[in-house]
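As structure tokens, the structure follows; a few thoughts come after it.
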Amino acid sequence: MVTYEEDELKKTAGLTPQELAEAEALMKETGEIDPNSRSMAQSRRAYIKELKKVVEAADVIIEVLDARDPEGCRSSDLEAQVLKQGKKLMLIVNKMDLVPPMNAKAW
């Protein structure tokens, strides 16, 4: 499903649908990053910078995990950074009613 924003971005890029599909396929094959995604990289860096500030200022960090895939929700980098700074880390498991009780107890 293409959202309105995606559709507008494609129009402003000046590419035909075929050219766009070819460019996307080439980027997938080569693993290259789209030069138009620089703002995303800058946004990600800004987010990480803010996250580090929050971790430094906090005494306790609460990480909310989805019970359906708790290991997939965890951020080992964040956890390592929190524990390295001597902060307390609390893991909260959400949506426990959606998993079998045996699985919930095992985790």
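Read the figures in this text as sums done on the coordinates, not as results from a lab. These figures come from a predicted structure and were not determined experimentally. Virtual Cβ from ideal backbone geometry, glycine too; neighbours counted across all protein chains shown.
Residues whose amide H lies under 5 Å from that of N94, counting only those 5 or more places away or on a different chain, are L65, D66, A67; hydrogens are built 1.01 Å from N in the peptide plane.
Taking a temperature of 10 °C and a viscosity of 1.306 mPa s, what whole-number D in µm²/s does Stokes-Einstein yield for the stretch 33-106 with Rh from Kirkwood over alpha carbon pairs? Using the Kirkwood radius from Cα pairs, D works out to 110 µm²/s. Computed from the Cβ-Cβ distance with R0 of 25 Å, the FRET efficiency linking K52 to I92 stands at 0.70.
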